[in-house]
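Shown next, in structure tokens, is the structure this report addresses.
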Amino acid sequence: MANYHRNNVENVVLGRHHHHSHRSKSASVAGHTFRLWNAASFRRIIFDAVSCGASSRYAARSNISDEKQHLQQKQQHHKTTSMKNNAKSEKLSDLLSIAEAETDVETKKKEEKLEDLKRLVKELQQHEEDSTKNKKSEAAAKVRLLAKEELEVRGTLAMLGAIPPLVAMLDETEQNDVNSLVSSLYALLNLGIGNDANKAAIVKVGSVEKMLKLIESPDGLDSSVSEAIVANFLGLSALDSNKPIIGSSASIYFLVRTLQSLDDESSPQAKQDALRALYNLSIFPGNVAFILETDLVVFLVNSIGDMEVTERTLATLSNIVSTREGRKAISAVPDSIPILVDVLNWTDSPECQEKASYILMVMAHKSYGDKQAMIEAGIASSLLELSLLGSTLAQKRASRILEILRVDKGKQVSGSYGLGAAVSAPICGSLSGKPDGGGGRECFEEDEEMMSEEKKAVKQLVQQSLQNNMRKIVKRANLPHDIVPSDHFKSLTLSSTSKSLPF
């Protein structure tokens, strides 16, 4: 458009210039002179001017139209975005409303449940009257079920004060009211499960004395009540602070009596619970003295072999052997050492092997007489096999026992390990009192001869043990029983010494 205007102006100026230069070729109208243009040129000028102006106006209208269209699109996008945001806000508002409604419902349920628990505890706390006996018994039964199902309820009931009235029921309820006694006992048991604070509170309010009072009743005790008391002792003894309190009472005698009962007075479950409770109590060293006042150790040693109770029995003996009196009690049981040595060969029960090896290790470390009994029981072969084929813990303990058996405060224990008597290093000295006397030389030769005999015994022991282990390995591998060890294996066993033992 600018180009068109510039050209037109130049044409006009030039027209005027030519008008002054060539007057002969111009025309005069009303005192003015103009250059004469032909029709075609004039039309072209007019057309160009009109076209340029129209083009500019069209371009302006196009720009305005584009701006309007862009503005409309922007408004439409804003409107769409606003609608989406409103939809999201409404959805979020709905979710929040639902969450608030659910929270209100749960809060209301919790409040109602708390009120129910408060009423339940009030029923337990009512004074003992004929009209309230049934209500208290029913309340105890409800506490038993609620505490069994929900962990949080146990703490809530204890805070509301449910434990003291339940313990009081053990003293107030008549012996023939078995249902009330059982309900209160199992309610206490369930309140203590997984809650150490409740366990401590139950013992603190005197439950142990009241349960023992029921046991000592001259009229006898129903088996269901007895089993409930055993279960309570098991649960309460799991807390360390309760162990000395329960152990110093007469509960150990009751538990041992329950464990040893041969008739049907005690169920298998009650016996298992009694053994587990005794194990818990034996963890506290101060209770070992009370345990030794019974004949529990004899019963435990003689029970080894019954796979249902052997592992727990050995675990209890592992606690008892930690004291000097406990070791003496185990050693005093006839055939206790051979029985424990035999457990080392139970390859199908590594847990029992580990516990038996621990008991033997402690006894061998503390008592020379027990070491001799182990040697006589043929423990060396079992220990060598255990040190090769046992679990990691059993291998370590077996190696430790072998080391203890070899050395005893500078004295060399019999290298034959059952093949001969113990041989000690002689105390050498000059019989004549001279430093280089013949007696000293004679003693030295005797010492060397005795050491060589000892080495021979150790070689023989190792050779026999390795051959026995080879036979057992062959048997386990299902190879032919008449397999003969190779010459290479024989050469290894012949060249073995006590230094090759896995100490």
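The values are calculated or read from the model by the stated rules, or taken from the named source; none is laboratory data. Given the structure is predicted, the values throughout are model-derived calculations rather than measurements. Reconstructed Cβ throughout: ideal geometry from the backbone, glycine too, with neighbour counts over all protein chains shown.
For region 322-345, name all the residues that are of a type in the set (A, V, I, L, M) and either over 14 Å from Ala289 (Cβ atoms) or within 25 Å of the chain's Cα centre (by Cα) (or both).
Within region 322-345, Ile330, Ala332, Val333, Ile337, Ile339, Leu340, Val341, Val343, Leu344 qualify.
For the structure I just gave you, tell me whether Ser217 is modelled with pLDDT under 95, more than 26 Å from Thr313 (Cα to Cα) and surrounded by fewer than 18 Cβ atoms within 10 Å (Cβ to Cβ).
Against the criterion (modelled with pLDDT under 95, more than 26 Å from Thr313 (Cα to Cα) and surrounded by fewer than 18 Cβ atoms within 10 Å (Cβ to Cβ)), Ser217 qualifies.
Report, by residue number, each residue of region 288-306 that is acidic (Asp, Glu) and under 15 Å from Arg257 (Cβ atoms).
Correct list: Glu293, Asp295.
For residues that are part of a loop (DSSP other than H, G, I, E, B) and out of contact with any Ser or Thr (no Cβ under 9 Å at 6 or more places or on another chain), tally how many sit in region 376-391.
Residues flagged as part of a loop (DSSP other than H, G, I, E, B) and out of contact with any Ser or Thr (no Cβ under 9 Å at 6 or more places or on another chain) within region 376-391 amount to 3.
Could you check region 125-147 and list, in sequence order, the residues that are outside any loop (DSSP other than H, G, I, E, B), modelled with pLDDT under 90 and either under 20 Å from Asn195 (Cβ atoms) or not hydroxyl-bearing (Ser, Thr, Tyr) (or both)?
Residues satisfying the conditions are Asp130, Lys133, Asn134, Lys135, Lys136.
Which residues, counting only those in region 229-256, are surrounded by 15 or more Cβ atoms within 10 Å (Cβ to Cβ) and of a type in the set (D, E, K, R)?
Lys243
With a cut-off of at least 3 residues that are within 13 Å of Leu317 (Cα to Cα) and at pLDDT 95 or above, name the helices (runs of 4 or more DSSP H) lying wholly within region 236-303.
268-282, 288-292, 296-303
Quick check on my filter: what residues within region 226-253 are within 33 Å of the chain's Cα centre (by Cα) and over 14 Å from Tyr279 (Cα atoms)?
Residues satisfying the conditions are Ser226, Glu227, Ala228, Ile229, Asn232, Ser241, Ile245, Ser248, Ser249.
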